[in-house]
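Colleague: Sharing a structure here in structure tokens format.
The values are calculated or read from the model by the stated rules, or taken from the named source; none is laboratory data. Note that the structure is predicted; figures quoted are calculated from it, not measured. Don't worry about glycine lacking a Cβ; one is built from the backbone with ideal geometry, like all the others, and counts go over all protein chains shown.
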Amino acid sequence: MLSVKRMVLGPVQTNAYLIHDPESQVTVAIDPAWDGEHIVKFAQQNGWAISQIWLTHAHFDHLGGVSGILKSVTPPPTVALHPNDLPLWHAQGGAQFFGFQLDAIPEPNLQLQHGQKLKVGDYEVEVRHAPGHTPGHVVFYIPQAAICFCGDVIFESGIGRTDLPGGDFETLMNSIREQILTLPDNTRLLSGHGDETTVAQERQHNPWLQW
């Protein structure tokens, strides 16, 4: 069974995730928000070796731990990002706008695209482009585990903000309708902030989706 570890890290309490397949021993970090060394330490304590880093988008609070992981893991993990968020990556995810300075990190070396299939051992992971919060935002859907790592597209009773550069409300709502609400109702939504929820829960109770 796929193991999922959530860590709440950084100045805005961002959810970072480690996913691990015990059969293949493959471990992936999703949105390593902050304190990359802490994420690596937890992985090592459990005998997990991080081989890839997947980013839902390039805001600073979702990539603040990338540098620490790259410095702490040999060989350095692959870093995956949608190319539409590269301008945001080059701007350190807007960190300076919020008063933070991140360590320099190399370019992502895996470009994500809509419909792309990734693997965690025998688990197939579908990349879904879901812009609106940022132009290159993606979600990672694992059908076999009924899990979607949805970043800042949708939250429990909330949606991602669209008032930052590259954000657009109508685009975000369209992404929610097409990329989230089309998933099975029992799909767990593991968001970038706050508690997990499900597609059914948000379809029925999210106030942003009741009109």
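Colleague: Output the residues belonging to segment 183-195 that are free of Cβ contacts under 8 Å to residues at least 60 places away in the same chain, over 17 Å from residue 132 (Cβ atoms) and buried (at least 16 other Cβ atoms within 10 Å of the Cβ).
Modeller: Correct list: 187, 188.
Colleague: Please indicate, with yes or no, whether at least one residue in segment 197-210 is out of contact with any Ser or Thr (no Cβ under 6 Å at 6 or more places or on another chain), hydrophobic (A, V, I, L, M, F, W, C) and not in a helix (DSSP H, G or I).
Modeller: Scanning segment 197-210 turns up no residue that is out of contact with any Ser or Thr (no Cβ under 6 Å at 6 or more places or on another chain), hydrophobic (A, V, I, L, M, F, W, C) and not in a helix (DSSP H, G or I).
Colleague: Within the set of pairs 6+ apart or on separate chains, which have a first residue in segment 106-130 that is of a type in the set (A, V, I, L, M, F, W, C), a second that is surrounded by fewer than 17 Cβ atoms within 10 Å (Cβ to Cβ) and not in a loop (DSSP other than H, G, I, E, B), and C-beta atoms under 6 Å apart?
Modeller: Correct list of pairs: 110/78.
Colleague: Another one. Could you count how many residues in segment 151-182 are without any contact (Cβ under 8 Å) to a residue 60 or more places away in the chain and more than 12 Å from residue 135 (Cα to Cα)?
Modeller: Residues that pass the stated criteria total 19.
Colleague: A further question follows. Of the residues that sit in segment 33-57 and are of a type in the set (Phe, Trp, Tyr) and surrounded by fewer than 24 Cβ atoms within 10 Å (Cβ to Cβ), which one is nearest to residue 19 (Cα to Cα)?
Modeller: Among residues in segment 33-57 that are of a type in the set (Phe, Trp, Tyr) and surrounded by fewer than 24 Cβ atoms within 10 Å (Cβ to Cβ), the one nearest to residue 19 (Cα to Cα) is 48.
Colleague: With respect to residue 156, is the statement that it is of a type in the set (D, E, K, R), out of contact with any Phe, Trp or Tyr (no Cβ under 9 Å at 6 or more places or on another chain) and more than 20 Å from residue 4 (Cβ to Cβ) true?
Modeller: When the stated conditions are applied, residue 156 does not pass them.
Colleague: Sticking with this structure for a sec: Which one of 127, 79 is touching a strand residue (DSSP E or B) at 6+ places or on another chain (Cβ under 7 Å), closer than 26 Å to residue 209 by Cα and in a strand (DSSP E or B)? Walk me through how you get there before you give the answer.
Modeller: Numbers: 79 fails: closer than 26 Å to residue 209 by Cα.
From the options 127, 79, the qualifying one is 127.
Colleague: Return the residues of segment 74-119 that are aliphatic (A, V, I, L, M) and modelled with pLDDT of 90 or more; say none if nothing qualifies.
Modeller: 79, 80, 81, 86, 88, 91, 110, 112, 118
Colleague: How many residues are touching a helix residue (DSSP H, G or I) at 6+ places or on another chain (Cβ under 9 Å) and buried (at least 16 other Cβ atoms within 10 Å of the Cβ) if we restrict to segment 151-167?
Modeller: Total satisfying the criteria: 11.
Colleague: Please enumerate the residues belonging to segment 196-207 that are among the acidic types (Asp, Glu) and either over 15 Å from the mean Cα position of the chain (by Cα) or over 17 Å from residue 56 (Cα atoms) (or both).
Modeller: The answer is 202, and nothing else.
Colleague: Could I ask something else about it? Condition first: among the hydrophobic types (A, V, I, L, M, F, W, C), over 23 Å from residue 94 (Cα atoms) and under 17 Å from the mean Cα position of the chain (by Cα). Now tell me which residues in segment 161-182 satisfy that.
Modeller: Residues satisfying the conditions are 176, 180.
Colleague: Looking only at residues that are closer than 12 Å to residue 84 by Cβ and not hydrophobic (A, V, I, L, M, F, W, C) in segment 134-148, which one is surrounded by the most Cβ atoms within 10 Å (Cβ to Cβ)?
Modeller: As a first pass, look at segment 134-148 and keep what is closer than 12 Å to residue 84 by Cβ: 134-138.
Within this subset, residues satisfying the condition of being not hydrophobic (A, V, I, L, M, F, W, C) are 134-137.
Working: 134: 31, 135: 21, 136: 25, 137: 33.
Among those that are closer than 12 Å to residue 84 by Cβ and not hydrophobic (A, V, I, L, M, F, W, C), it is 137.
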